[in-house]
Each structure stands twice: as C-alpha cells, then as structure tokens.
Amino acid sequence: MTAAPRKIILDCDPGIDDAMAIILAAYNPYIDLLGITTVAGNVSVEKTTRNALCLCELMGIGHVPVAQGAQQPLVRKSVFADYVHGDSGLGGIQLPPPQKEVMPEHGVDFIVRTLMESEGDITLVAIGPLTNVALALRKQPEIAAKVQEIVIMGGGTMGNITPAAEFNFFADAEAAKVVFGCGAPITMIGLDLTNQAMATAEVKEQFAAVNNRMSRFILDLIEDYEQHNLKLGLAGATVHDPCCIAYCIDPSMFEAKRLRVDIETNGELTYGMSVIDMLGVTQKPANANVPLKLDQRVFWDLFVKTIREANGSED
Ligand code: BDR
Ligand code: CA
C-alpha cells in the first residue's frame, strides 16, 4: 500500500461496474478522489453524468467535482453497452434525480487543468472508452509528462464485444491508439485480469455479512451485473472497473509484465483489438505494464473491508 492516499482523477461511464469502482475509490482511505469525469460509453454521456452525480450523492461525497466529457467517439459512431448495463446504465437500480450539479467546465478541460496545475502526482484512472483522455492529450500534449500514471480498464488477449475486442477499446479504438502512443506510463488492466475478479457466491456472502447501506447496494449491483454473464455461461459477475482502483491502492496483488501493446483501428474482424506482443516478436519497446494475474482473495478482502469500515456507509 502507498503511504499517502493516491490522488486520482476517475474518467468513467457509469455503468454498473463503474459504480462499484466509484464506491471503492470514494471509501478507501488510500485513495484521494480529486474529481470524476464522464464519457459516453455504456450509455450516453448525459446518462453517465446523471449516474455519476446520483452516485456521489448516495455515497455522501457531494464535494467531489463531476465534469461531463465527450458525447461521442473521435471518429466512429457511438456504440453503447445498454444490453449489459440497462437503459439507465445502472441496471434495474432507480436513484432519485440528483441535486448535485455538474461542473460548468468540460471534462477534458478538467483533466488538462488538474494535471497541469499538479506536481506530477496524479494518476488518471480511465474505466470507459478513452475519448476524453485522447482529447486531453491532443489539447495539451504536456499532460503525458505530468501524469503520474494512466491506469486503464480495457483490452486483453480476448474480446467481449467481438471475439477480438474488449468494449472500451472497441467503443473508441482511435482514442485508445492515441493514448497508447502518448509516452506516459500506462497500466492496462484487460479482460485476462478482470475476468479473475469474479463475485462468487462466497463473495456475495461476505458483502451480505457486512449488512450496511453500501454493502446492500453493492449486492444489488452485482445481482444486476451477473445476469449478462450467466447468459454467457460464466459463473457470476466479473467486476472489471474496480480492479483499476484496487491496483492504485495495492499493486502487489497483481502480477504484471511490461509489454508492447498496439491498438488495431482498421481490421475488419479485429477493430479495437489490443495487439499484445506477449513474446516480444516485434522487438518494439514495451509501452505498457500489463497485469495478468490477480490475487482474488486479497482483492475481495480489500473491497469488503473498505465497505465494512466506510464512514457514511452505515444504515
Ligand atoms: C468494460 O466495458 C464496460 O461495459 C464496463 O463498464 C467495463 O469498463 C468491460 O469490458
Ligand atoms: Ca466502464
């Protein structure tokens, strides 16, 4: 674990597992959540922004700024994942209309300004399509040298929206290509890793035993999220996005390799694929740290402990 809380900006598209990531970031004492930026992804940016505002209120973190970002991908038409996350983006969960207001500043400007004003000690965690991050890099390329690390949920050696591509990279592959070429330190947490973060029956029992307001909310999120996986024949919900927050809190629970990753933007069957040079055949320098193995027990213990001890999570 890091000694001081790690400062992060969370770029997201809530999204059921994004909601779980926001909860973990908001309540874990080793994370200092500086702001949330939203992007079109699982559902439209209007909906992801509404969900982010509602979630902040629900968690009692109304002081965290929420800035709305890009409405659509850099080049291609929007692709949504409402078939997984439901029409609202939060499955069957109904939250009251938010009182909290979105910032007047655009999400991309929030990212640029916050990084440029920093002392180089901010991690950008991106758990949706990479449109905002790419636009920020285009607007102010110096942020690549300012950001401590970009921790990304996306990619992998398999796909989940096509056989080759993971949703976040497929939704804006051109943006992912910009980000992987920017030269900043990148950690890519792809499906090989996140598919290990499975909310098994035992995990659900652990949250149920905590039995506070937020553990019950997490159980509702898991139950919604697992429906899609059960249809695919998987044993439960694989919670992708919280893995990035867990990585920021305690990277020692991940086994990672430094690898070359390039993003396919042309392939007929492979658009959005992260082409990972596992054997070093390209001899190109590595551009990403790629966690491949998760200590699942440590991950879930961290998550459950955070919720058990969270201030504001009581009944
Ligand atoms: C990613 O796609 C989205 O549907 C999830 O929120 C996650 O960020 C998994 O492929
Ligand atoms: Ca997401």
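The values are calculated or read from the model by the stated rules, or taken from the named source; none is laboratory data. Note that the coordinates shown come from a computational prediction; the quantities given were computed from them, not determined experimentally. Neighbour counts are summed over all protein chains in view; Cβ atoms, including those assigned to glycine, are modelled from backbone coordinates with ideal geometry. Just so you know, the surface numbers come from the protein's heavy atoms only, side chains and all, with ligands and any DNA or RNA stripped out. Shrake-Rupley method; radii C 1.70, N 1.55, O 1.52, S 1.80 Å.
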Point to revise | Subset of the stretch 248-267 that is within 24 Å of residue 15 (Cα to Cα) and either hydroxyl-bearing (Ser, Thr, Tyr) or within 16 Å of ligand 1 (Cβ to nearest atom) (or both) - its residue that is farthest from the chain's Cα centre (by Cα) | key: 263
Review point. Of all helices (runs of 4 or more DSSP H) completely enclosed by the stretch 51-139, which ones contain at least 3 residues that are touching a Lys or Arg at 6+ places or on another chain (Cβ under 8 Å) and modelled with pLDDT of 95 or more?
Key: 107-116
Review point. Do you know which residues across the stretch 27-50 are more than 15 Å from ligand 2 (Cβ to nearest atom) and in a strand (DSSP E or B)?
Key: 31, 32, 33, 34, 35
Practice item. Look at residue 192 and say whether it is out of contact with any helix residue (DSSP H, G or I) (no Cβ under 8 Å at 6 or more places or on another chain), touching a residue at least 60 places away in the same chain (Cβ under 8 Å) and either aromatic (Phe, Trp, Tyr) or within 20 Å of residue 22 (Cβ to Cβ) (or both). Key: no
Check your understanding: In this structure, is residue 10 farther than 25 Å from residue 227 by Cα and either surrounded by fewer than 24 Cβ atoms within 10 Å (Cβ to Cβ) or touching a strand residue (DSSP E or B) at 6+ places or on another chain (Cβ under 9 Å) (or both)?
Key -> yes
Review point. For the stretch 28-75, how many residues are over 30 Å from residue 309 (Cβ atoms) and either crowded, with 21+ Cβ neighbours inside 10 Å or in contact with a helix residue (DSSP H, G or I) (Cβ under 7 Å, 6 or more places away or on another chain) (or both)?
Key: 13
Check your understanding: Of all residues in the stretch 12-46, which are closer than 16 Å to residue 303 by Cα, within 11 Å of ligand 1 (Cβ to nearest atom) and either at pLDDT below 95 or among the aliphatic types (A, V, I, L, M) (or both)?
Key -> 16, 19, 20, 21
Check your understanding: Which of the residues belonging to the stretch 1-26 are small (Gly, Ala, Ser) and either near ligand 2 (Cβ under 10 Å from one of its atoms) or not in a helix (DSSP H, G or I) (or both)?
Key -> 3, 4, 15, 19, 21
Revision key, fill the gap. The one condition residue 9 fails out of (1) touching a Pro at 6+ places or on another chain (Cβ under 7 Å); (2) more than 13 Å from ligand 1 (Cβ to nearest atom) is (1)
Review point. Within the stretch 226-247, can you find the residues that are of a type in the set (Ser, Thr, Tyr) and more than 9 Å from ligand 1 (Cβ to nearest atom)?
Key: 247
Review point. Tell me, which residue of the stretch 124-152 that is over 27 Å from residue 228 (Cβ atoms) and among the polar types (S, T, N, Q) is least open to solvent (accessible area, probe 1.4 Å)?
Key: 140
Study note, to complete from the structure: Going through the stretch 258-311 in order, the residues found to be over 19 Å from residue 166 (Cβ atoms) and part of a loop (DSSP other than H, G, I, E, B) are 279, 280, 281, 282, 283, 284, 285, 286, 295, 309, 310, 311
Check your understanding: Within the stretch 230-273, which residues are of a type in the set (Phe, Trp, Tyr) and under 14 Å from residue 191 (Cα atoms)?
Key -> 254
Point to revise | Selection from the stretch 74-86 of residues that are among the charged types (D, E, K, R) and within 14 Å of ligand 1 (Cβ to nearest atom) | key: 82
Practice item. Report yes if residue 155 is closer than 18 Å to residue 260 by Cβ and either assigned to a loop (DSSP other than H, G, I, E, B) or open to solvent by 10 Å² or more (accessible area, probe 1.4 Å) (or both), otherwise no. Key: yes
Check your understanding: Across the stretch 50-100, what is the number of residues that are of a type in the set (Asp, Glu) and either under 16 Å from the mean Cα position of the chain (by Cα) or within 25 Å of residue 227 (Cα to Cα) (or both)?
Key -> 2
